[in-house]
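Enquirer: One structure follows; several queries about it will come next.
The values are calculated or read from the model by the stated rules, or taken from the named source; none is laboratory data. From a predicted model like this one, the values you see are computed outputs, not experimental measurements. Every residue, glycine as well, gets a Cβ built from its backbone with ideal geometry; the counts of neighbours run over all protein chains shown.
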Amino acid sequence: MNESSAPRLVVTASPHLKPGDSTPRIMWNVVGSLVPVIAAAAWFFGVSALLVVAAATLGAVLAERAFGHGGSLADGSAAITGLLLGLTLPAGMPLWMAVLGGAFGIGFGKAVWGGLGQNVFNPALVGRAFLQAAFPVAITTWPTVGGGFFTLKGDLFALPFLHPVTSAVTSATPLGLLKFEGKASALASLVIGNRGGSVGETAALVILAGGVYLALRNYLNWRLPVSIIATVALLSGVLHAIDPHKPDAPFMLFSGGLMLGAVYMATDMVTSPVTNLGRWVFGIGVGILVVVIRVWGGLPEGVMYAILFMNALVPFINRATQPRVFGTSMRTTA
Amino acid sequence: MTAVPVPGLVSAPPSSAPALVPGAPPPATVFADVWRGIGRENPVLVQFLGMCPTMAVTNVLANGLAMGIATTFVLVGSGLFVSLFRKYIANEVRITSYILIIATFVTLADMLLAATFPDISKALGPFIPLIVANCLLLGRAEAFAAKVPVYRAVADGFGMGAGFTLSLCLLSTIREVLGKGSILGHDLFGPRFEPWVFMMMPPGGFLTLGIALLGLAWVMELRKRRALVTA
Amino acid sequence: MSNLAWIFVSTLLVNNFTLVMFLGLCSFFGVTAKVETAWRLGLANTFVLILTALSAWVLNTFVLARTPFLRTIAFIVVIASVVQILEMALKKYLPVLFRQLGIYLPLITTNCAILGLALFQTSRSYTLIEGLVFALGAGFGLTLALSLMASIRERIELTDVPAVARRMGLVLVIASCLSMAFMGFAGMGSAE
Amino acid sequence: MTATHQHQHGGPPSATPQKMTPAWKLLATLAVAGAAAGWLVVMVYNVTLPAIQKHAGEQVDGAVREVLKAPVRWDTLYLIGNAVTATPPAGSNIRELTKAFVGFDAAGARIGVAVVAAEPGFQELLTLMIGFDPSTGALTGYKVLDQKETPGLGDKVEVDKSFGAQFAGRIVPLKGVKTLVAGNPSQVQTITGATISSRAVIRIINDAVAKWRPLLEAHDRGGQR
Amino acid sequence: MAISVEFRHGVHPPEEKELTNQLPIRRMPFADELVFPLRQHAGKPALLCVKVGDHVERGDTLGEADGFMSVPIHASAAGTVVDFDWWPHPDGSMAMAVRLKVDRYAPQVARPRLVPRWEGLTPAEVVQAVQRGGVVGLGGAAFPTHVKLAPPKDSAVHTLIINGAECEPYLTSDHRTMVEYAPRVLFGIRVMMRSLGVRKCVVGIERNKPDAIEAMRAAVPADLAVEILPLTVKYPQGAEKMLIKAVTGVEVPSGKLPVTVGVVVQNVGSVAAIAEVFETGLPLIERIVTVSGHGLRRPANLIVPVGTKLRDLLAFCDGVTADAAEVIIGGPMMGQAQANLDAPVIKGTTGVVVLEKNETREQRSWPCIHCGRCLEACPVFLNPSMLGDLARVGRYEEMSANHLADCMLCGSCAYVCPSNIPLAQLFQASKTALRRQLASVQ
């Protein structure tokens, strides 16, 4: 065709300016914002927390390396999946289970769908839901906070396919205490995070700080966490006012995995709605489901299932909340 | 039923030789009739028929095996009767008649199982009577048994049943070994084995078949690639 | 939770007919390529389920009490007839609805969800009201599962699914994930 | 039916128009097929019935024997309306009545009463046979008749003997706890990871005993009178 | 009026205007050879009316207008027609073009022509004169100006909006025109207002051009109702529908023209060109072009004869730097990257921008992660994320059902896309494919 008179010239499609952000950059920023959360986890649960998070990340990264497209590790999304999964596990989880969970999350939550951007369910939560279903006892055995930094919190090095021989002191989560034994927990310990739970879900304030950082840099959409937290607060507040035996709003907000879920899980761009209206719908849906499962369900905690369920609805929400096109008077859904 | 647009539903091979009955499958050996159901037209892995029992009862091998045998019994029995009476069943009432024949054999299977293996019968619950609604049965009656001599209908029923049973056994073995650490109730790995409860639950059922299909597709893909290389 | 409410919630979410009980999988895998079709089929099923619950109750109460061994045969014949009559009635009196649902009606006869409903209703000896609520929950649960599957399948139409997963592999993984998402509802109504 | 099915199944409609079969012939076909099917079913039913009933009876008998700690004999009481009676009204279908089994030991003393109760468990209805002493409220034991709890976890309420064994002698109403407090006769230790199923069992037992105790006491008083 | 001075959504690319916005407009000398594609405007290409070997004077017609939706092409210098053949077009394709060897020794004075006395002309005659002058929209789209001057009979045009937004980064030609030729622009406005019969005119200028706002305000004559309206700085403020929304608060209905809401929009440069037709009688044979970019040694605002090859233009600006990587005709947001520097400056060429290696987009892109930034950038509220997914699998009809036609290819979505997906290009290709499908159906 055109004889190129200046071979140095590149011809790209318009617009020709380089945008400020790139997908890997967003992903690695999320990873960076998780560093304080991991540090807090290490503070509360010692080296066990680091080992569990590292194991889950290893599983995710290995699976991405095995099944992903060439070089897809560099975009950082597999690392996020692994880290987030690790943060939702108890500190005493045998490492082989964590590795398996990470690999499952990437393999069946992402790679089989076609890799980054193609999946419908949050891969970290797919991995966790698998672990929850596969090893229900191990994943609900919560070691107590404290002890020496290098004290292992459980039978971390149980051999693959064997179940852990638990020797560590365990405690129930605040939600479990409330649901099964009718005991309330002190709000201060909930906010600070020195309580039973998954390694990364206890330090609510650190998680919130990470969320604010990401929201300010436009790496997460603030509507999602805000709508989830507001819905949970409002709904549980109303329920508490009607029936004081039901947990109150601050307890609901700072117990369990709500903060981690609202800030890091529900905001996964790939698996949340693409429209702003849809994001409100999604967040409110997650909030309602969390309260419903926690208050009326059989399980003490429901953040994971609430988000997975809403993930399944995202294609619907996206269809139903198409923006009104400029110059048209009605919402047009094709 | 055959009208369900199941992806990958294998249509009957085009008949080249003049058939005796219009629309009848081409002549084949009894061995080919049996083998087709196990391999190329495997009801579960290739045609995706009879999914409900495939998932619902394959949590342990004993259940899968029992379901497979019961289904084979109904397939052979209904194939036999449909083929036997194919000249007498008027076209207008053929579906009703087939359903009647199938339902009869299902009832027989249900009662026989309850009389002989009450535990398995209890575990399978309504899934034995639900064989009636298995698309595989009406599909075979309509597409095959009604058009061929008795010995071929029986061979086909047996082949389809065997393919169904083998698939169920494959899935239930995976699920029982991982989900309970045992096979047919016999402990395999000793007391420290951590069972994957997931495999015993509904998502595990879907996933096991998914993994089986992914593996099958992968093998096919490799074979295709190798064929390309050698060609 | 009251009994009726529990039956409804349990059938809709906790023991969703398709995702937990594995009933009606043929249409779950076969007729979920488009959302439009999926939810119409779901509604048609709901309709037939309710009629089935009614007829199963009548049969159980007046006919089958002394002849339980004829249950399977009687149910399947009645279901086939109900679908047939419904088809003719719709064609004659509600042609618009018939055009929308008509093509799915024959598929419903061999949907194991319908027969399953009748059998479960019998084995749990539900009353008429309980049976109807059961049918409603089952129908809505079916519609929900079908629509969710269809909307996700419509979305993966636009993505680069790996070759090995393209036929049914991914669809089963989706079913597994959906089933996992429904596990959150387990125990609903059992804890006070 | 035929029209649509032909359309759905028939593939390409055959070129030669099929001649209509007369209606009587269709009916005759169906009648013959139905009669044959009915005959076959009834025959097999008659053959298998004894075995099936034996199994069903064995299940109930076994359960009564287990929860009442091997009684020598037992009486069956029927719940009619809001009262318990030993003699059901004539013409009622005995198999469909709610029953209680009163067990006696070799000396003729009452060991306890066994009843069946079902309530939602983790997944589905959980059906138990419960044995207890109506006069003291002490349990003799329970047996799971039907459950769909999580395999390997919730099904421990049926499989795990150490969980089931702790119920004998406990006084209703029971309370489920993570760690037992010594000396409390109403506490039961829940299964780790299956708190919900454990608590469902406890709840079913509590509800059943609360429902049956006054009925049985009323019956006892009536019997004495 | 002026309820809101902005539209919703849009993006903020770096402006980069300080490279040229203080440089006075200079005149570029004639190159040795000029090239005139017959297709330089929207509508039908002009019809050739010279032969190889013909000698033409400056301002002579090379191609006649082919009907109402077309304008003539004029020679921008005296010279000899040496060829008529396929030649690289700035839009990246090849087009039939007249090649003119410029007469080195000609005085290059336009043949004296009758300057129409515009006061005496009927609106129809004004339209005719403007068409004969070959005036097209100089904002880039090159829509024949006279067509806008002749709105359909049943429409009630009440406002003329002059587009001085110039929202593309780097470009300053409209800015300098307003600063240096404000009276000429206002004379053009006067002609247009009279011809359209409107009483109101608004000139929208982005706030980053205070000297232009000042100069225009100072030049408004007392007898003309012309409002100079400063606008928010954002891209694509200069898009017709966005400008109308910003100035009047009204949305032009989807698929409709601005006249449906009683508005005609004209670019500053085009208004000045109209003025020139009536002031000097000269057709549109030269235009103001911003030559800029960090890859260029000496950026400038130049009056360039139409037909000047890029090669000559860049050479006049002392050439490109060693790091120059991409030469773009138009602005960097919507312009066309050039593979061949023989492509000429045409009537719609607003600027030439030379980008350095580190400014240009990477070649590699990532999968769409559905972050939704494109939705928040799209000025016409489309869902580019979904349209992009559909485009990839070739489902053009569904794209059309989702308002692909409303996409004006402004590139805002692609600019904000962190996965670097060439959305604008995908949409352009889809539009072409859709047109082809429709054509094959008919």
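Enquirer: Kindly provide the set of residues from the stretch E:406-420 that are assigned to a helix (DSSP H, G or I), surrounded by 21 or more Cβ atoms within 10 Å (Cβ to Cβ) and facing another protein chain (nearest Cβ under 7 Å), ordered by number.
Expert: Result: E:414, E:415, E:416.
Enquirer: Among A:152, A:156, which is the only one that is over 23 Å from the mean Cα position of the chain (by Cα) and assigned to a loop (DSSP other than H, G, I, E, B)?
Expert: Going through A:152, A:156 in turn, just one is over 23 Å from the mean Cα position of the chain (by Cα) and assigned to a loop (DSSP other than H, G, I, E, B): A:152.
Enquirer: Considering only the stretch E:372-387, how many residues are aliphatic (A, V, I, L, M), at the interface with another protein chain (Cβ under 7 Å from one of its Cβ atoms) and in contact with a Ser or Thr (Cβ under 7 Å, 6 or more places away or on another chain)?
Expert: Residues in the stretch E:372-387 being aliphatic (A, V, I, L, M), at the interface with another protein chain (Cβ under 7 Å from one of its Cβ atoms) and in contact with a Ser or Thr (Cβ under 7 Å, 6 or more places away or on another chain): 1 in total.
Enquirer: Give me a count of the residues in the stretch C:103-120 that are more than 7 Å from every other protein chain (Cβ to nearest Cβ) and either surrounded by fewer than 24 Cβ atoms within 10 Å (Cβ to Cβ) or not polar (S, T, N, Q) (or both).
Expert: Here the count works out to 8.
Enquirer: Given the criterion touching a strand residue (DSSP E or B) at 6+ places or on another chain (Cβ under 7 Å), in contact (Cβ under 8 Å) with a residue 24 or more places away in the chain and not hydroxyl-bearing (Ser, Thr, Tyr), identify the matching residue among A:161, A:130, A:180, A:150.
Expert: A:161
Enquirer: Scan (1) within 9 Å of chain A (Cβ to nearest Cβ); (2) touching a strand residue (DSSP E or B) at 6+ places or on another chain (Cβ under 7 Å); (3) in a loop (DSSP other than H, G, I, E, B); (4) within 23 Å of residue E:42 (Cβ to Cβ) for the single condition residue E:346 breaks and write down its number.
Expert: (1)
Enquirer: Also: Taking the condition more than 7 Å from every other protein chain (Cβ to nearest Cβ), more than 20 Å from residue B:204 (Cα to Cα) and not aromatic (Phe, Trp, Tyr), does residue A:159 pass?
Expert: Yes; evaluated as a whole, the condition is true for this residue.
Enquirer: I've got another one for you. In the stretch E:56-115, which residue that is of a type in the set (Phe, Trp, Tyr) and farther than 14 Å from residue E:35 by Cα is farthest from the other protein chains (Cβ to nearest Cβ)? Before the answer, list the steps.
Expert: Looking only at the stretch E:56-115, we keep the residues that are of a type in the set (Phe, Trp, Tyr), and these are E:68, E:84, E:86-87, E:105.
In the following step, the residues that additionally are farther than 14 Å from residue E:35 by Cα were identified as E:68, E:105.
On the way: E:68: 26, E:105: 29 Å.
Once the filter is applied, the top-ranked residue is E:105.
Enquirer: Another question about this same structure. Confirm whether residue A:209 is small (Gly, Ala, Ser), surrounded by fewer than 19 Cβ atoms within 10 Å (Cβ to Cβ) and without any contact (Cβ under 8 Å) to a residue 12 or more places away in the chain.
Expert: no
Enquirer: Within the stretch E:260-304, track down each residue that is closer than 17 Å to residue E:177 by Cα, part of a strand (DSSP E or B) and out of contact with any Lys or Arg (no Cβ under 9 Å at 6 or more places or on another chain).
Expert: Passing the criteria: E:267, E:289.
Enquirer: Being within 20 Å of the chain's Cα centre (by Cα) and among the small types (Gly, Ala, Ser) is true for just one of E:388, E:351, E:372, E:394. Which residue is that? Don't jump to the end; show me each part of the working.
Expert: Working: E:388 fails: within 20 Å of the chain's Cα centre (by Cα); E:372 fails: within 20 Å of the chain's Cα centre (by Cα); E:394 fails: within 20 Å of the chain's Cα centre (by Cα).
Testing whether each residue is within 20 Å of the chain's Cα centre (by Cα) and among the small types (Gly, Ala, Ser) leaves just E:351.
Enquirer: For the stretch E:357-371, indicate whether the set of residues that are more than 8 Å from chain A (Cβ to nearest Cβ), crowded, with 23+ Cβ neighbours inside 10 Å and not basic (Lys, Arg) is non-empty.
Expert: No, the stretch E:357-371 contains no residue that is more than 8 Å from chain A (Cβ to nearest Cβ), crowded, with 23+ Cβ neighbours inside 10 Å and not basic (Lys, Arg).
Enquirer: Using the structure shown, decide if residue B:100 is free of Cβ contacts under 8 Å to residues at least 24 places away in the same chain, at the interface with chain C (Cβ under 10 Å from one of its Cβ atoms), assigned to a helix (DSSP H, G or I) and buried (at least 22 other Cβ atoms within 10 Å of the Cβ).
Expert: yes
Enquirer: Output the helices (runs of 4 or more DSSP H) that fall wholly within the stretch E:145-212 and possess 2 or more residues being over 19 Å from residue E:125 (Cβ atoms), or say none.
Expert: Values: elements: E:145-149, E:173-180, E:182-196.
Filter on the stretch E:145-212 gives E:173-180, E:182-196.
Enquirer: Among D:178, D:148, which is the only one that is within 14 Å of chain A (Cβ to nearest Cβ), over 22 Å from the mean Cα position of the chain (by Cα) and among the charged types (D, E, K, R)? Break it down stepwise before answering.
Expert: Values: D:148 fails: over 22 Å from the mean Cα position of the chain (by Cα).
Result: D:178 is the single residue among D:178, D:148 that is within 14 Å of chain A (Cβ to nearest Cβ), over 22 Å from the mean Cα position of the chain (by Cα) and among the charged types (D, E, K, R).
Enquirer: For residue C:170, all conditions in the list (1) at pLDDT below 90; (2) facing another protein chain (nearest Cβ under 7 Å) hold save one; what is the number of the exception?
Expert: Of everything listed in (1) at pLDDT below 90; (2) facing another protein chain (nearest Cβ under 7 Å), residue C:170 misses just condition (1).
Enquirer: Which of the residues spanning the stretch D:99-129 are under 30 Å from residue C:17 (Cα atoms) and either assigned to a strand (DSSP E or B) or at pLDDT 85 or above (or both)?
Expert: Step one: of the stretch D:99-129, the residues under 30 Å from residue C:17 (Cα atoms) are D:116-129.
Scanning the stretch D:99-129 gives D:116, D:117, D:118, D:119, D:120, D:125, D:126, D:127, D:128, D:129.
Enquirer: Would you pick out the residues in the stretch B:75-96 that are buried (at least 24 other Cβ atoms within 10 Å of the Cβ) and within 11 Å of chain C (Cβ to nearest Cβ)?
Expert: B:95
Enquirer: Still on this structure, please answer the following. Only one of (1) at pLDDT below 85; (2) more than 23 Å from residue B:125 (Cα to Cα); (3) not charged (D, E, K, R) is not met by residue D:202, so which one is it?
Expert: Going through (1) at pLDDT below 85; (2) more than 23 Å from residue B:125 (Cα to Cα); (3) not charged (D, E, K, R) one by one, residue D:202 breaks only (1).
Enquirer: Those residues that are in a helix (DSSP H, G or I) and over 14 Å from residue E:423 (Cβ atoms), I need them from the stretch E:366-405; list them, please.
Expert: E:396, E:397, E:398, E:400, E:401, E:405
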